[in-house]
Amino acid sequence: DGRHSDVRRAAGLVPVEHGAPMDVVWFRLPREEGDPDETFLRLSSGRIMVVINRETYWQLAYAIPKGGFDALRTAGIETLREQVADLLPFLAGRTGLLTGFDDVSVLSVALNRLRRWHRPGLLVIGDAAHAMSPIFGVGINLAVQDAVATADLLAGPLASGAEIPESLLARVQHRRTVPTMVTQFAQRVVQDRLIRPALN
């Protein structure tokens, strides 16, 4: 049930927080003929924008300092429009399509991981076991890989109606811990060496 998992909380499983220097404001603007084709990153002093080509529209991820959305909303939608136009001049004529903050969504970025993903009769995977930063856009990939590893190890015993020993649940965590740790380490390096200095 995701990174705010009620099941995890009820089971007394508490993730170790690794922190994140940013939140992300997501929104979209239409693509037009003559626009660039590639997905790219735009950096400026204190501002970061990821621009993703979705064929008919641009999906934009505007990184803001952690907890900074209220200040952005207080400054008004025109401030966001100006910042987009300043970072991405080719979109300047389209920023008026952002009519208000109902046109954006905010991801409160978290980077954390459980020390233990299981209790007797319970296995936590995906974001509930390890919330990923949006850096590299791999969170969904890791969650799917968790699900595949879980199915490989548990589908047979579950189908047979056998009681699942906790040692088998631990094998899922063991199989998935290294890829999760490596990915999160790389995300922390990017956060600390690129994003935090850029936002500061």
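The values are calculated or read from the model by the stated rules, or taken from the named source; none is laboratory data. All values reported here derive from a predicted model rather than from experimental measurement. In case anyone asks, the SASA skips ligands and DNA or RNA and just uses the protein heavy atoms, side chains included. Shrake-Rupley method; radii C 1.70, N 1.55, O 1.52, S 1.80 Å.
On C-alpha positions alone, give me the angle between the axis of helix 77-87 and the longest principal axis of the chain, in degrees, nearest 10.
90
Over region 93-155, what is the relative contact order in percent, taking alpha-carbon pairs closer than 8 angstrom and at least six residues apart?
Details: 37 pairs, mean separation 16.1, N = 63.
This gives 26 percent for region 93-155.
How much solvent-accessible surface does Arg175 expose, in Å² to the nearest 10, with a 1.4 Å probe and all protein chains in place?
110
Under the definition of Cα pairs under 8 Å and six or more residues apart, what whole-number percent is the relative contact order of the chain?
Values: 288 pairs, mean separation 52.3, N = 200.
After rounding, I find 26 percent.
How much accessible area per residue does region 1-157 have, in Å², with a 1.4 Å probe? It would help to have the intermediate numbers written out before the result.
Details: 7850 Å² over 157 residues.
On a per-residue basis, region 1-157 sits at 50 Å².
Taking the square root of 5 times each eigenvalue of the Cα gyration tensor, what semi-axes in Å does the equivalent ellipsoid of the chain have, largest first? Please list the in-between numbers first.
Values: eigenvalues 294, 63, 46 Å².
Ellipsoid semi-axes (Å, largest first): 38, 18, 15.
Given a 1.4 Å probe and every protein chain left where it sits, what share in percent of the accessible area of region 1-95 is carbon and sulfur?
Values: 2530 of 4990 Å².
So the carbon and sulfur contribution to the accessible surface is 51 percent.
What do you get when you divide the Cα radius of gyration of region 36-144 by 2.2 N^0.38 Å, with N the number of residues? Let's see the in-between values first.
Working: Rg = 17.3 Å, N = 109, 2.2 N^0.38 = 13.1 Å.
Ratio of Cα Rg to 2.2 N^0.38 Å: 1.32.
Report, in whole Å, the centroid distance computed from the Cα atoms of region 60-131 and region 161-200.
About 21 Å separates the Cα centre of region 60-131 from the one of region 161-200.
Can you list residues from other chains, or at least 5 along the same chain, whose modelled amide H is less than 5 Å from the amide H of Ile48?
Correct list: Ala63.
For the Cα atoms of the chain, what angle does the longest principal axis make with the long axis of helix 139-160, in degrees from 0 to 90, nearest 10?
Computed tilt is about 20 degrees.
Counting only C-alpha contacts under 8 Å and six or more residues apart, can you give the relative contact order of region 1-76 as a whole percent? Can you show the working numbers first?
Details: 90 pairs, mean separation 24.1, N = 76.
Worked out over region 1-76, it gives 32 percent.
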